Structure formats: C-alpha cells, structure tokens
Amino acid sequence: MKRLIGALSLSGLLLLLADCGVEIDSTFSCDQRSTSEQSCTDYENYAGDAAAGKKSCTQEGGTVRETLCSRTGVIGGCRLVPAGAEGSVLTVWYYSGMVSAIMQACNVAGGTFMR
C-alpha cells in the first residue's frame, strides 16, 4: 500500500506541474516495471513540463518511452484527470499487488480505478 501511495504521490506532484503548462500535448510513459514499484504511468496529452516529468522518471529508476504502457500483465490502474490541465490524463498501471489495495489507493487519490 505504501508503494502504491508513493507512485500516486509522484503522479500527483507531476499533476501540480501540469498547471504550469510548459509543454503542451506531450504523450509519453514512465515504465517502472523493473523497479520495486512494478508500475508504468501513461501521460496522455500532458500539459505540464514534460522534460521535468521525464527527468523525474529516470531519476526514480524508470524508463521513459514515447509510447503508452503495455497492458500485458496489468492487474489494475488508476486514472487521474487533473483540474485545469487542458485534457491531460495520467494513468498509473500496476503489474503486482492486490487489486483491493490499488482500488483503495486510487480512491484516496481521487482517481478512477481501471481494469
């Protein structure tokens, strides 16, 4: 659960950056499946500072990809739509853990659980 909240917190921080609107309409993903996070985050139409988001991804041990996350092996995800971010959608996909814990963490973060 702590790991899930950590991943959602990182996404939340990046959502705050979205309000700055440095780079518009950037779509990429941060693949952290090879880390203890066992997650991958899609940044669709990201209206924040994409360069900062990508840098944060690599600093956390992730790999930036110019495509969306693979859905193979996904057990659930959390879709977050930031207010005032011009169509930005962030979806954190999880590849391990308990579905109930992912659902709970997603609810706490104000997101929508995805299957």
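Look at Asp31 and say whether it is farther than 17 Å from Val81 by Cα and not in a loop (DSSP other than H, G, I, E, B).
yes
Identify, by number, the condition in (1) at pLDDT 95 or above; (2) assigned to a helix (DSSP H, G or I); (3) in contact with a helix residue (DSSP H, G or I) (Cβ under 9 Å, 6 or more places away or on another chain) that Gly12 doesn't meet.
The single condition Gly12 does not satisfy is (1).
For the range 32-86, name all the residues that are of a type in the set (S, T, N, Q) and more than 20 Å from Ala105 (Cα to Cα).
Ser34, Asn45, Ser56, Thr58, Gln59, Thr63, Thr67, Ser70, Thr72
Go through Gly110, Gly76, Gly97 for me and flag whichever is more than 15 Å from the chain's Cα centre (by Cα) and farther than 19 Å from Ser26 by Cβ. Break it down stepwise before answering.
Details: Gly110 fails: more than 15 Å from the chain's Cα centre (by Cα); Gly76 fails: more than 15 Å from the chain's Cα centre (by Cα).
Step by step, each of Gly110, Gly76, Gly97 is checked, and only Gly97 is more than 15 Å from the chain's Cα centre (by Cα) and farther than 19 Å from Ser26 by Cβ.
The values are calculated or read from the model by the stated rules, or taken from the named source; none is laboratory data. As the structure is a computational prediction, the values presented were derived from the model and not from experiment. No Cβ is skipped: glycine too gets one built from the backbone with ideal geometry, and neighbour counts run over all protein chains shown.
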